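The values are calculated or read from the model by the stated rules, or taken from the named source; none is laboratory data. All of these numbers come straight from a predicted model, not from anything done at the bench. We place every Cβ from the backbone using ideal geometry, glycine too, and count neighbours over all the protein chains shown. Note: accessible area is taken over every heavy atom of the protein model, side chains too, but ligands, DNA and RNA are not part of it. Shrake-Rupley method; radii C 1.70, N 1.55, O 1.52, S 1.80 Å.
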Amino acid sequence: MTGSRVLANTGYRLLADVGGKLGSVVLFIVMGRKLGDASFGIFTFAYSLVAIVTALADFGQDKVLTREVARERGLLDRYFLNTLVLKLGLALPALAVAVAVLAVGGRSEETVATVALLGAAVLVDLLASTAYATFQAYERLEFIPVALITERFVTAGAGIAALLLGAGVVTVAAIFLGGALLTFVLAMRLLFRHVVRPAFRIERSRWWPLMLAAAPIGLAGIASVFLFRVDTVLLAAFKSDAAVDNYGAAYRLFE
């Protein structure tokens, strides 16, 4: 019975990851062809920058939640809302500073808007991942592909349609944010209706211990983010958006 459950849960997670990637790769192919070198370069730069500035909000907090709640489900009330609020508290100021620096530094309005929209989208995705962590703690991983594949295919469908109609990079970034919001609402609805309804209780005294507990995972995650993203940000600082486009298109296939 345990082996079957492990196999099923692994299959659900694999389905979510592979299905999500398939939806994303089709959208990125169309983006590369329709946006043009400069605009796709802006998107690639924005996505990489956002991943770096939100790294502390993805510091392993969800892994701690999964581990502790899987051991004792009564701890969910202690971790769930505190994890969400902690992510917001870590990511929002960093995103605000990044957008302000870009605006003051003379970056185009298109670039600033794209960073702001993609930053909001990534943050909403990070909030949804706390629901995914709860699904995993309760061994209800079948809901993860439902939410994740819905996001990727809705975003891909809407994004491709908009691109074919002549939309620009800011519109595509807004579609990413819309898809993330849809998925967050769907994930929370699935969680509340079919798994558990956590209590909404904020305890600031738990934030620092949560970060300490997540540190081994978080430090490795930050190192990984910098390894895979900082090159694009550095390239954008010294080269044109078109150069970032060429690098980003090749890197996306590798990724």
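Would you check if there is a residue in region 237-245 being surrounded by 15 or more Cβ atoms within 10 Å (Cβ to Cβ) and charged (D, E, K, R)?
Checking region 237-245: at least one residue is surrounded by 15 or more Cβ atoms within 10 Å (Cβ to Cβ) and charged (D, E, K, R).
Return the only residue of THR134, THR171 being polar (S, T, N, Q) and open to solvent by 20 Å² or more (accessible area, probe 1.4 Å).
THR171
Quick one: GLY106 ticks every box in (1) under 20 Å from the mean Cα position of the chain (by Cα); (2) on the phi > 0 side of the Ramachandran plot except a single one, so which number is it?
Looking at each condition in turn, GLY106 falls short on (1).
Can you name every residue in region 187-220 that is in contact with a Phe, Trp or Tyr (Cβ under 9 Å, 6 or more places away or on another chain), assigned to a helix (DSSP H, G or I) and aliphatic (A, V, I, L, M)?
Listed by number, the residues that qualify are ALA187, LEU190, LEU191, LEU210, MET211, ALA214, ALA215, ILE217, LEU219.
Can you find even one residue in region 59-69 that is open to solvent by 10 Å² or more (accessible area, probe 1.4 Å), assigned to a helix (DSSP H, G or I), in contact with an Asp or Glu (Cβ under 7 Å, 6 or more places away or on another chain) and more than 16 Å from VAL244 (Cα to Cα)?
There is no residue in region 59-69 that is open to solvent by 10 Å² or more (accessible area, probe 1.4 Å), assigned to a helix (DSSP H, G or I), in contact with an Asp or Glu (Cβ under 7 Å, 6 or more places away or on another chain) and more than 16 Å from VAL244 (Cα to Cα).
Considering only residues that are among the β-branched types (Val, Ile, Thr) and closer than 19 Å to ALA91 by Cβ, look in region 211-234 and name the one that is most open to solvent (accessible area, probe 1.4 Å).
Across region 211-234, the extreme among qualifying residues is ILE217.
Of the conditions (1) touching a residue at least 12 places away in the same chain (Cβ under 8 Å); (2) open to solvent by 40 Å² or more (accessible area, probe 1.4 Å); (3) hydroxyl-bearing (Ser, Thr, Tyr), THR155 clears all except one; give me its number.
The single condition THR155 does not satisfy is (2).
With the condition kept exactly as written, say whether any residue in region 200-207 is closer than 30 Å to THR111 by Cα and of a type in the set (Val, Ile, Thr).
Within region 200-207 (the criterion being closer than 30 Å to THR111 by Cα and of a type in the set (Val, Ile, Thr)), the answer is no, since none of the residues qualifies.
Would you mind finding the one in ARG201, ARG189 that is surrounded by fewer than 17 Cβ atoms within 10 Å (Cβ to Cβ) and modelled with pLDDT of 90 or more?
ARG189
From LEU90, LEU81, LEU56, which residue is touching a residue at least 40 places away in the same chain (Cβ under 8 Å), assigned to a helix (DSSP H, G or I) and in contact with a Phe, Trp or Tyr (Cβ under 9 Å, 6 or more places away or on another chain)?
Going through LEU90, LEU81, LEU56 in turn, the sole match is LEU81.
Of the residues ALA162, ALA120, ALA147, which single one is small (Gly, Ala, Ser), surrounded by fewer than 18 Cβ atoms within 10 Å (Cβ to Cβ) and closer than 27 Å to VAL18 by Cα?
None of the others qualify; the one that does is ALA162.
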